[in-house]
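> The structure's right below; bear with me while I get my questions together.
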Amino acid sequence: MKKFIALVLAVLSVFCLALTGCQVDNSDDESTKTIEENDIPEGVTISAKGNEVYKGTKEGKTRLKISYANTGYGSLWLQVLSAHFVDENPEYWILLDGDPGLTDSVSTKLDTGINLSDVYFLLASNSLNYSRSGWLEDLAEVYNSKPDGEDRKTVYEKMPEKWQYHSWEPYLGEYKQYVYPWTESITGIAYNKGMFDKYGWEVPKTVKELVALCDKIKVDTKGEIAPFVYPGQVGGYFYMVYTWWLQSAGYDAIEEYFRFEDVEVFNPDKQPEKGKLEALEAFVSLFGPDVDYSLEGSLSKNHTEAQLSFLRGEAAMIPNASWMETEMKDDMPEGFQVRLMEAPYLDTARKNADGTYERYSMACSPDYAIIPSGATQKAAAKKFLSFISRDDMLLLFTKYAGTLRPFEYDVTPVWDELTEFTKSCIEVRKGATYWLETSRADMYTFGFTQCFLNTTNPFPSLINGPKAKGVTPEEFCLREYSYALENWSTWEETIARSKSK
């Protein structure tokens, strides 16, 4: 989801001359100049291109190669964490290999086993295929380590329960820990705060209020500003649909759905599928064929095009997540104010005993790190993953990536150093029940079931509607149920045969 971010080029060249505690070779690149002096240990060098990190010299030291998806959260966080790692482990130097297309190409790299990196930081993707193929190193040693000291928690104990569950993957009839969590993306609706202030628009609390706001935006701006723009080419970033589903069905019902123990989880007459239907109905009320709340051409825009339209003031809001500011910082107009709002509440949203809404924070699918079973420096790679789970390293990550990691830690020490957008993201996450799509059910791991049956992106069909060969929310959910009923017994038989071999 999080595509390419250009490295920062706009900092004055005199910056590094003032550095006394570190060496940054900036002869032909300025990508490291936004790293603050006190965040690089004394004696550590980050090369001009930002791809080599070492203390003193590289000579006679062991190389640790780390490849990463150089996308929404950029590379500064990894440069800073690498600098601290080599400071405390000077026997290593680190080669950083950033590639925006890494998530798509890593399968071939793992399969061939040629020129493997020691660590890969990947965007959300099906790691089950890699673990089943025997390509991944067991990370139990990382999860059992205590990065903050022997009297503190293990890496595993520091993680929320949902992420603990996600760490286990099947291989040869047993479950092992093959993936290590990278980011905890926070999703919602990004809005132009300066524009909201100018026109006196209030951040909506309910879906009804959001629909009313869309009408008001069109009236107040005489149709010159669209309420929404979205990146239709990459799924639209419509994470609020999943949050609405949680609001209606509740956490336990969604967990039941993703266990896929019975075909009736797809029955739209009852939860949890009923909640999905209500979420899709809310979606259609904002983006469907009978309303005109989105910037023309949104369905054909990619993530960059949609975000640029938002930054140019062509739309007041965009479905998005915590990576947006870092991803677009080079294109951010001077003085532009962006904030993240949580998904407004459905009419059917569940409430607590005191009448307040149950709050949910929906992640996009989880990003993760892996160590190839064929890596040459597996011990060092495990040491690095444990090291960056340390509380002080988690804080540095948040400071430079602009989002959280899926660990328990207090961001107060760096709060004043965060941007207002990052703060708004953390406020959306704070106190909410966090959920990410993950399942270890056979139906899911064998690829028969998923969040939406027969498609990973139902939104274009719902946006177009029946008149343009699309569907209504009710038709979509009924088709899911019918498809599941038709194929359920076949799926069960296939799984049983596979397990008996």
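The values are calculated or read from the model by the stated rules, or taken from the named source; none is laboratory data. For clarity, every value in this text was computed on a predicted model and none was experimentally measured. Because the Cβ atoms are built from the backbone with ideal geometry, glycine has one as well, and the counts that use them run over all protein chains shown. For the accessible areas, the whole protein counts, side chains as well, though only heavy atoms, and no ligand, DNA or RNA atoms are used. Shrake-Rupley method; radii C 1.70, N 1.55, O 1.52, S 1.80 Å.
> On the given criteria, is LYS2 at pLDDT 50 or above, surrounded by 16 or more Cβ atoms within 10 Å (Cβ to Cβ) and either outside any strand (DSSP E or B) or not hydrophobic (A, V, I, L, M, F, W, C) (or both)?
Criteria not met by LYS2.
> Mind checking which residues of the stretch 43-80 are free of Cβ contacts under 8 Å to residues at least 40 places away in the same chain, more than 29 Å from the chain's Cα centre (by Cα) and in a loop (DSSP other than H, G, I, E, B)?
If the condition is that a residue be free of Cβ contacts under 8 Å to residues at least 40 places away in the same chain, more than 29 Å from the chain's Cα centre (by Cα) and in a loop (DSSP other than H, G, I, E, B), then GLY56, THR57, LYS58, GLU59, GLY60, LYS61 are the ones that fit.
> In the stretch 446-469, what residues are in a helix (DSSP H, G or I) and either of a type in the set (Phe, Trp, Tyr) or surrounded by 18 or more Cβ atoms within 10 Å (Cβ to Cβ) (or both)? Give the steps one after another, and end with the answer.
Filtering the stretch 446-469 down to residues in a helix (DSSP H, G or I) leaves 459-464, 466-468.
Matches in the stretch 446-469: PHE459, LEU462, ILE463.
> With the requirement that a residue be on the phi < 0 side of the Ramachandran plot, in contact (Cβ under 8 Å) with a residue 60 or more places away in the chain and within 23 Å of the chain's Cα centre (by Cα), what does the stretch 250-265 give you?
If the condition is that a residue be on the phi < 0 side of the Ramachandran plot, in contact (Cβ under 8 Å) with a residue 60 or more places away in the chain and within 23 Å of the chain's Cα centre (by Cα), then TYR251, ILE254, PHE258, ARG259 are the ones that fit.
> Using the structure shown, decide if GLY288 is modelled with pLDDT of 95 or more and open to solvent by less than 10 Å² (accessible area, probe 1.4 Å). First the steps, then the outcome.
Numbers: modelled with pLDDT of 95 or more: yes; open to solvent by less than 10 Å² (accessible area, probe 1.4 Å): yes.
So GLY288 passes the test.
> Could you grab me the full set of residues in the stretch 218-234 that are touching a Ser or Thr at 6+ places or on another chain (Cβ under 7 Å), part of a loop (DSSP other than H, G, I, E, B) and farther than 17 Å from ASN457 by Cβ?
Passing the criteria: only VAL229.
> Something else now. Just name the residue that is nearest to TYR73 (Cα to Cα) out of those in the stretch 95-124 that are of a type in the set (Val, Ile, Thr) and crowded, with 19+ Cβ neighbours inside 10 Å. Lay out the reasoning, then the answer.
Within the stretch 95-124, the subset of a type in the set (Val, Ile, Thr) is 103, 106, 108, 112, 114, 119.
With the extra rule that they be crowded, with 19+ Cβ neighbours inside 10 Å, the set shrinks to 103, 106, 119.
On the way: THR103: 14, VAL106: 19, VAL119: 17 Å.
Only one residue tops the list, namely THR103.
> Additional query: Just a yes or no: is a residue in the stretch 302-315 within 19 Å of VAL219 (Cα to Cα), in contact with a strand residue (DSSP E or B) (Cβ under 6 Å, 6 or more places away or on another chain) and not basic (Lys, Arg)?
Within the stretch 302-315, the first condition is being within 19 Å of VAL219 (Cα to Cα), and the residues that meet it are 310, 313-315.
Now restrict to residues that are in contact with a strand residue (DSSP E or B) (Cβ under 6 Å, 6 or more places away or on another chain): 310, 315.
With not basic (Lys, Arg) added as a condition, the list becomes 310, 315.
Taking every residue of the stretch 302-315 in turn, at least one turns out to be within 19 Å of VAL219 (Cα to Cα), in contact with a strand residue (DSSP E or B) (Cβ under 6 Å, 6 or more places away or on another chain) and not basic (Lys, Arg).
> Could you tell me whether ASP252 is farther than 21 Å from GLY236 by Cβ, at pLDDT below 95 and either in contact with a Phe, Trp or Tyr (Cβ under 6 Å, 6 or more places away or on another chain) or surrounded by fewer than 21 Cβ atoms within 10 Å (Cβ to Cβ) (or both)?
Considered against the rule, which asks whether it is farther than 21 Å from GLY236 by Cβ, at pLDDT below 95 and either in contact with a Phe, Trp or Tyr (Cβ under 6 Å, 6 or more places away or on another chain) or surrounded by fewer than 21 Cβ atoms within 10 Å (Cβ to Cβ) (or both), ASP252 comes out as no.
> While we're here: Would you call THR472 open to solvent by 40 Å² or more (accessible area, probe 1.4 Å), among the β-branched types (Val, Ile, Thr) and more than 30 Å from THR183 (Cα to Cα)? Walk me through it before giving the result.
Numbers: open to solvent by 40 Å² or more (accessible area, probe 1.4 Å): yes; among the β-branched types (Val, Ile, Thr): yes; more than 30 Å from THR183 (Cα to Cα): yes.
Yes; evaluated as a whole, the condition is true for this residue.
> Every residue in the stretch 411-421 that is in a helix (DSSP H, G or I) and either open to solvent by 50 Å² or more (accessible area, probe 1.4 Å) or of a type in the set (Gly, Ala, Ser) (or both), please.
Across the stretch 411-421, the qualifying residues are THR412, PRO413, TRP415, ASP416, GLU417, GLU420.
> Which of the residues that make up the stretch 180-194 are of a type in the set (D, E, K, R) and over 15 Å from the mean Cα position of the chain (by Cα)?
Answer for the stretch 180-194, where residues must be of a type in the set (D, E, K, R) and over 15 Å from the mean Cα position of the chain (by Cα): just LYS193.
> Quick one: in the stretch 228-245, of everything that is closer than 14 Å to SER365 by Cα and not β-branched (Val, Ile, Thr), which residue is most open to solvent (accessible area, probe 1.4 Å)?
Applying the filter and picking the extreme gives TYR242.
> Now for a separate question. Exactly one condition in (1) assigned to a loop (DSSP other than H, G, I, E, B); (2) at negative phi; (3) modelled with pLDDT of 85 or more; (4) surrounded by fewer than 17 Cβ atoms within 10 Å (Cβ to Cβ) is not met by ASN38; state its number.
Just one mismatch for ASN38, condition (1).
> I'd like to know if the stretch 422-436 contains one or more residues that are at pLDDT 95 or above, among the small types (Gly, Ala, Ser) and open to solvent by 30 Å² or more (accessible area, probe 1.4 Å).
Among the residues of the stretch 422-436, not one is at pLDDT 95 or above, among the small types (Gly, Ala, Ser) and open to solvent by 30 Å² or more (accessible area, probe 1.4 Å), which makes the answer no.
> Could you pull out every one of the strands (runs of 3 or more DSSP E) wholly within the stretch 272-379 that has 1 or more residues that are touching a residue at least 24 places away in the same chain (Cβ under 8 Å) and touching an Asp or Glu at 6+ places or on another chain (Cβ under 9 Å)?
Per the criteria, 338-341, 360-362, 368-370.
Okay, residues lined up against (1) within 18 Å of GLU261 (Cα to Cα); (2) of a type outside the set (D, E, K, R); (3) within 29 Å of the chain's Cα centre (by Cα):
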position: SER424; (1), (2), (3): no, yes, yes
position: PHE448; (1), (2), (3): yes, yes, yes
position: LYS467; (1), (2), (3): no, no, no
position: GLY470; (1), (2), (3): no, yes, yes
position: TYR483; (1), (2), (3): yes, yes, no
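> Considering every residue within the stretch 193-200, establish whether at least one is part of a loop (DSSP other than H, G, I, E, B) and not charged (D, E, K, R). First the steps, then the outcome.
Quick first cut of the stretch 193-200, residues part of a loop (DSSP other than H, G, I, E, B) only: 200.
So of that shortlist, the ones also not charged (D, E, K, R) come out as 200.
Yes, the stretch 193-200 contains at least one residue that is part of a loop (DSSP other than H, G, I, E, B) and not charged (D, E, K, R).
> Looking for whichever is buried (at least 19 other Cβ atoms within 10 Å of the Cβ) and either out of contact with any helix residue (DSSP H, G or I) (no Cβ under 8 Å at 6 or more places or on another chain) or among the β-branched types (Val, Ile, Thr) (or both) here; the options are PHE283, PHE310. Which one fits?
PHE310
> Test VAL155 against the stated conditions and say whether it is within 30 Å of ASN320 (Cβ to Cβ) and at pLDDT 95 or above.
Details: within 30 Å of ASN320 (Cβ to Cβ): yes; at pLDDT 95 or above: yes.
Against the criterion (within 30 Å of ASN320 (Cβ to Cβ) and at pLDDT 95 or above), VAL155 qualifies.
> Step by step: first the residues of the stretch 129-179, then only those that are free of Cβ contacts under 8 Å to residues at least 12 places away in the same chain and open to solvent by less than 60 Å² (accessible area, probe 1.4 Å), then the one that is farthest from the chain's Cα centre (by Cα). Which residue is that?
Per the criteria, the residue is GLY149.
> Within the stretch 376-410, can you find the residues that are open to solvent by 10 Å² or more (accessible area, probe 1.4 Å), hydrophobic (A, V, I, L, M, F, W, C) and farther than 17 Å from THR154 by Cα?
Applying the first criterion (open to solvent by 10 Å² or more (accessible area, probe 1.4 Å)) to the stretch 376-410 yields 376-379, 382-383, 386-387, 390-392, 395-396, 399-400, 404, 407-410.
Now drop any that are not hydrophobic (A, V, I, L, M, F, W, C), which leaves 379, 387, 395-396, 404, 407.
Within the stretch 376-410, ALA379, LEU395, LEU396, LEU404 qualify.
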